[in-house]
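No lab work stands behind these numbers, since they all come straight from the coordinates. Just so it is clear, the model here is predicted, and its values are computed rather than measured. Here the Cβ is made from the backbone with ideal geometry for all residues, glycine too, and neighbour counts use every protein chain on show.
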Amino acid sequence: MQDNDVHFNIVRLPAQDSFDSGDTTIIYHSSFESLIGPGRLLVTSAMIEAFVTYQMELPRPGETRTLGLSDLLGPGSQGELISEARYGTIVPSGGDSPQWIARNALVAHKTLGTPDVLSIRTRLAAAELEIKFVEGLSTKYTREVFVGASLPDATGIFTFNEDGSARADRIEGTLFGRRASVRTLHDPVQALGQQGLERLAVVYDGEPLIGAFSEALWLTLSLISGNSIEPAYVETFSASGTLLERRYRFGKPFSTRHRSPFHGVYCALPIQGLEDIVSAFYRLLTDGFPIDVVMSHLYEAVGATIDSMMQSLLLAVHTAIEAWNRLNEVPNLIPQATWEANRDAIVDAAANVATPLSVELAAVIAAKIKGSNHTSTASRQRRLLHGIGMTPKPPEKEALRLRNALFHDGYLRRQLQYLNRGELQERYDQLETLRDVAFRIVFGLLKYPHSWQSFARPYLPTNCTRESNG
């Protein structure tokens, strides 16, 4: 079979969302405790869990034993982070096919059996499950599957339904120089309104991406899909397409509403776009820029009250402003060392004037002076926008001015029920304008050279190059 055929056959494989070890002997081991007994391991509903029943040591004749909470729950206090020592592994006792191991496992719940038998049924939860199907072959392809993801007409590559309607089918391009294909695995009609049914698969050449490379891939597919998606599992395949290994690692929860900045007809994602976006996300992550936080705020700005959606969009903008200025070392008016050498003298001079008027006034002025070497939010915003080559238009400036009310008051005082139709339309226009601004900043940070779909002006492309801002 040709290499291209193997590659595209792998991306089309149906999703494997579940796994059942069947009845076996389960061994759980951590530095805190070890358990062994009959049970089974399951992967269902984005969870990896195992059930094992074991016998506690019987008391000696004449001995009285009292079971405490630690016998059922183990040590630890509510609200404390779980120590690494509490994590363990789950394996079958031997002979299972395929072979598997669950890592970062914890005792989630114990149920006490009859007192005379002292049997305890234990539920274990794990963060990762590795299943080996074939050993001894090298990895040629990797497939990653994500939950809550779709291709919202982003590619310009379509298949046609029986009724003649078209839908997005796949993305082709590269990821960090590796050939890659992205494909929707679910039926869009069946998935409509069915939370968690959507699946997206990406196949690329070589070993699985790790670290910031993997994080950049997740951010890229989330951006294309238009919502925060959840990693489900990673599979590796040989050159002939033989499945070698599957690793379940459910992670960040997915959101169920989509607002993608791409559209197959009006603003398609070009072949080079996949590489441009993933490489830019990697650059920002390795530079220490909190682009994942910016994107998280963006995805929260869907399906909530209009005030809270505006807050989320403004938080995305604010995060970008502060991070960009900090990383570019322009948060201060003068060098901090110079300021610290002269600050106390300035505070004392102000206090000499203000104290005779009011001691409380002098304290307020002193507090403000101590933090006055920082540039203003407005000036930091101007620096960011100039740095990414973006010139805000009057409606965008007006929408950004809502920041003070939404951050300090927590809401807009003129609430929706008191607005007339014209004012209501203006409020919704401001929401979509803020969404546009936030995405323009994101694409500016990514230095994305292609067009994307405007939210304030649906179906009209926005050019993100420095020469034009749409």
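Potential lengthening of the chain between Asn4 and Leu419 amounts to 143.6 nm, from the contour at 0.36 nm per residue minus the alpha-carbon distance.
Quickly rank 360-370, 305-315 as a protection proxy: mean count of other C-beta atoms within 10 Å, highest first. Display every interim value, and only then the final one.
On the way: 360-370: 13.9, 305-315: 20.1.
Peptide ranking by packing, descending: 305-315, 360-370.
Between the beta carbons of His374 and Ala85, assuming R0 = 35 Å, the FRET efficiency works out to 0.25 to the nearest 0.05.
Stretching Ser31 away from Ser93 to a fully extended chain increases their span by 20.5 nm, per 0.36 nm per residue minus the current alpha-carbon distance. Let's test the formula: R0 of 30 Å, r as the Cβ-Cβ distance of Arg247 and Ile271. What FRET efficiency results, to the nearest 0.05? Calculated value: 0.55.
Extension gain, Ile346 to Val293, is 15.4 nm, computed as 0.36 nm per intervening residue step minus the present C-alpha separation.
With the simple spin-label model, which puts each label point 7 Å out from Cα in the Cβ direction, the Arg283 to His258 separation comes to 2.8 nm.
When ranked by the protection proxy of mean other Cβ atoms within 10 Å per residue, highest first, what sequence do the peptides 389-402, 288-301 form?
Numbers: 389-402: 15.5, 288-301: 19.2.
Put in order of decreasing packing, that is 288-301, 389-402.
In loop segments of the range 381-462 as defined by DSSP, the chymotrypsin sites (Phe, Trp or Tyr not before Pro) with at most 15 further C-beta atoms inside 10 Å of their C-beta are Tyr411, Tyr459.
Between Ala212 and Arg326, the modelled labels are 1.7 nm apart [label points 7 Å from Cα along Cα→Cβ].
Sorting check: for 332-342, 127-137, which peptide has the highest mean count of neighbouring beta carbons within 10 Å, and how do the rest follow? Mind dumping the intermediate values first?
On the way: 332-342: 11.4, 127-137: 15.3.
Peptide ranking by packing, descending: 127-137, 332-342.
The simple Förster model, with R0 at 45 Å and r as the Cβ-Cβ distance, assigns Thr338 and Lys393 a FRET efficiency of 0.75. Bridging of Lys132 to lysines at a Cα separation below 26 Å is possible for Lys140, Lys252, once same-chain residues fewer than 8 apart are set aside. Spin-label pair Leu361-Asp205: with each label point 7 Å from Cα along the Cα-Cβ axis, the two points sit 7.4 nm from one another.
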